[in-house]
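The structure appears right after this line, and notes come after that.
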Amino acid sequence: MGKQKSILKNKYFLYATEFFAGMSVMAIELGASRLLAPYFSSSQIVWTVIIGAIMVAMALGNIWGGKAADKNPDPGRLYGRILFSAIWIAAIPFLGKYVIAGISLGVAAVVKSNFLVWASLFSCLVLFVFPLMLLGTVTPSLVKYTVEDLDNNGAIVGRLGALNTIGSIIGTFLPTFVTIPAVGTAATFLIFSCVLALLALIYFISSKKRAVFCVAAVIIIAVSGFFSSNYSFAFWEDDLIYEDESIYNYLQVKEDDRSIVLSTNVLFGVQSIKMKDQDLTGMYYDYALAAPFMARADLKKDSNILILGLGTGTYATLCDTYLPDVQVEGVEIDEKIAALSRQYFSLPDSVTVHVDDGRAFLTQAGQYDVIMVDAYQDITIPFQMSSVEFFTAVKEHLKEDGVMVVNMNMRSAKEGSINDYLTDTIASVFPEVYTVIDSGNTNMELFASDNPGMVENLSEARSDMEDEKLQNLMTDVLSGLEKEEGNGRILTDDKAPVEVLGMRVIDEIIGSELDYYREMFAGKSLEEILELLG
């Protein structure tokens with residue numbers, strides 16, 4: 001014990017270890033959510049998996065650390081675990097994307113339900129449980145090293161707990177508001193890896209132990225940092241012109257000969273698109289153009305359109321193109337996405353952009369002829385913008401005979417899907433509700449109003465159109481419109497299980513895709529399968 005006291009006789013170093021270990025645990029948890037979000041979404045389901053897996057890791061670490069400290073109270077063992085954890089965390093940005101991709105393919109091939117739960121869970125178990133279990137050994141080990149007698153053990157344990165909590169608080173805010181927006185998820189892992197490694201190196205240098213281990217750790221962390229410097233979530237893409245992260249999203253802009261596309265998820269969905277050789281996109285944005293004509297915004301003076309969920313302005317640009325006399329405003333919560341709208345997607349200067357939460361903006365908004373709700377991003381549906389209270393607020397900000405249009409991107413043929421709940425909820429607020437399916441995509445557009453003549457308005461406007469493409473588009477919309485009555489499935493601010501409902505559709509989509517490949521590969525040899533894949 002004499003040697004231990006000579007090295008760690010000043011408890012401030014042990015307190016610093018507790019503080020930075022607590023900070024790193026929370027930083028890694030926040031980093032885990034950002035690492036998984038582009039693949040599995042940032043829904044409450046994924047967050048639940050992350051938190052649950054990390055709590056299990058910490059509990060196991062606490063048990064292990066306590067037993068290890070009683071069996072052999074050598075601080076070198078603790079700092080060895082911290083250094084090994086630092087090495088593992090540094091490798092996550094470099095190897096994590098391949099691990100997640102491999103696990104996702106494996107899970108998709110064997111499970112038929114709850115894909116998001118299983119894929120995100122196994123990814124968490126492989127990537128994060130072991131290093132965080134090592135960090136979970138810190139607190140019980142430090143208690144062993146710092147408590148010298150029973151007279152002061154309560155104060156010391158309390159001090160350690162307070163330092164861990166304060167570190168955790170800072171570790172919660174620092175990645176979210178500083179490191180991830182400024183330098184990205186990969187660099188965030190590396191920063192906290194270096195913090196942990198520095199603690200261990202200080203101990204080993206002061207005690208003149210494990211020099212080879214320390215040198216090897218520094219080399220491995222440096223190599224991981226080098227290979228992670230050009231980190232890309234979508235490592236298989238070769239046509240990215242922009243990739244970044246914001247406080248809210250992973251951002252990816254792709255360009256080819258025909259279009260420029262914004263995606264916030266590498267596996268699902270297109271958030272915005274700019275066609276290079278035409279105005280219409282061939283996607284749901286075109287169908288939503290029916291809403292201004294249902295409200296006859298084309299004939300009124302001082303007509304205006306509000307878009308909640310602007311993205312980079314695909315719908316706003318279409319409205320500005322085909323209704324140049326109508327004032328268009330867009331609300332986008334992500335400031336970086338709003339900036340991309342001008343940088344890459346040529347959003348007209350006439351479109352006013354507000355950086356705000358869509359529902360919060362309504363509290364200060366005026367009256368509009370059309371309100372477009374396009375906030376259901378990828379497989380993430382914000383519950384606060386799917387409830388009866390929200391749609392009631394939208395209705396209050398529509399002018400007389402105004403029209404709300406909602407883009408629903410989780411279309412399913414099964415009864416009781418997320419879109420059925422959304423449709424029923426809206427039908428409880430608006431007397432006139434119509435839907436039309438975008439035949440080329442998995443989207444459905446819903447139009448709602450107090451005006452029973454909204455469909456007749458569209459028909460009259462179509463007859464007056466001089467643009468043949470637009471006229472044909474409105475003909476398609478009119479032929480596909482279906483009246484919705486509602487069946488009492490109401491989402492409220494108190495109860496809106498949108499994550500569970502959305503996950504069912506994801507399972508259905510993945511299942512149908514896998515059935516296609518199962519039929520394709522049935523009865524074929526491995527060589528024939530590889531030939532088909534090539």
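Picking from 344, 402, 13, whose Cα lies most toward the positive end of the charge dipole for the chain (charges on Cβ: Lys, Arg +1; Asp, Glu -1)?
Positive-most Cα among the choices belongs to 13.
Would you mind getting me the FRET efficiency between residue 456 and residue 276? Use the beta-carbon distance for r and R0 = 51 Å, nearest 0.05.
That gives a FRET efficiency of 0.90.
Per-residue ellipticity at 222 nm for the chain, helices alone: DSSP H runs ≥ 4 residues times -39500 (n - 2.57), over residue total, nearest 500 deg cm²/dmol?
Calculated mean residue ellipticity at 222 nm is -18000 deg cm²/dmol.
Placing +1 on the Cβ of each Lys and Arg and -1 on the Cβ of each Asp and Glu in the chain, which of 259, 393, 213 has its Cα farthest towards the positive end of the resulting dipole?
Toward the positive end, the furthest listed residue is 213.
Students often get this wrong, so try it: which of (1) 3, 13, 15, 11, 11, 12, 9, 6, 5, 6, 5, 3, 1, 0; (2) 3, 16, 22, 18, 14, 13, 10, 4, 0, 0; (3) 4, 16, 23, 21, 16, 11, 6, 2, 1, 0 is P(r) over Cα pairs in 10 Å bins from 0, in percent as calculated from the structure shown?
Computing P(r) over Cα pairs in 10 Å bins from 0, in percent and matching it to (1) 3, 13, 15, 11, 11, 12, 9, 6, 5, 6, 5, 3, 1, 0; (2) 3, 16, 22, 18, 14, 13, 10, 4, 0, 0; (3) 4, 16, 23, 21, 16, 11, 6, 2, 1, 0 gives (3).
In the chain, with Lys and Arg counted as +1 and Asp and Glu as -1 at Cβ, which of these residues, 187, 246, 168, has the Cα nearest the positive end of the dipole, that is, farthest along it?
Toward the positive end, the furthest listed residue is 168.
Where does each of 77, 296, 258 land when they are ranked from fewest to most other beta-carbon atoms within 10 angstrom?
258, 77, 296
Can you give the extra length, in nm with one decimal, that the chain gains between residue 367 and residue 472 once fully stretched, where that is 0.36 nm per residue apart less the Cα-Cα distance?
Taking residue 367 through residue 472 to full extension adds about 34.8 nm, to one decimal.
Placing unit charges on C-beta atoms (Lys and Arg positive, Asp and Glu negative, everything else neutral), compute the dipole magnitude of region 2-227 about its Cα centre in debye, rounded to 20.
Working: 16 positive and 7 negative charges, 100 e Å.
Value, rounded to 20: 480 debye.
Size of the dipole of the chain about the Cα centre, Lys and Arg at +1 and Asp and Glu at -1 on the beta carbon, nothing else charged, in debye to 20?
4300 debye
Cross-link partners among aspartates and glutamates for residue 112, C-alpha distance below 19 Å, same-chain residues fewer than 8 apart left out?
Here the aspartates and glutamates satisfying the reach criterion relative to residue 112 are 415, 499, 507, 508, 513, 515, 519.
How would you rank 352, 281, going from fewest to most other Cβ atoms within 10 Å of each one's own Cβ?
Values: 352 13, 281 19.
Lowest count first: 352, 281.
Can you pull the Rg over Rh of region 29-188, Cα-only, Kirkwood?
With Rh from the inverse mean 1/r over Cα pairs, Rg/Rh is 1.03.
Number of Lys pairs in region 279-496 with C-alpha atoms less than 27 angstrom apart, excluding same-chain neighbours closer than eight positions?
14
Hey, what does the equivalent ellipsoid look like for region 279-496, semi-axes from the Cα gyration tensor as sqrt of 5 times each eigenvalue, largest first, whole Å?
Result for region 279-496: semi-axes of 23, 21, 17 Å.
Roughly how big is region 186-340's charge dipole about its Cα centre, with Cβ charges of +1 (Lys, Arg) and -1 (Asp, Glu), in debye to the nearest 20? Don't skip to the answer; put the middle values down first.
Values: 11 positive and 20 negative charges, 213 e Å.
Dipole of region 186-340, to the nearest 20 debye: 1020 debye.
Would you list the membrane-span-like helices of the chain, meaning whole DSSP H runs whose alpha-carbon atoms span at least 27 Å along their axis and whose mean Kyte-Doolittle value is at least -0.5?
Those that clear 27 Å and a mean of -0.5 are 11-40, 44-71, 75-110, 153-174, 185-207, 498-521.
The numbers here are math on the coordinates, done by the rules we state, and not lab data. Treat the numbers as computed from the prediction; the structure is a model and nothing was measured. Positions of Cβ are generated from backbone atoms using ideal geometry, with glycine treated the same way; all protein chains shown enter the neighbour counts.
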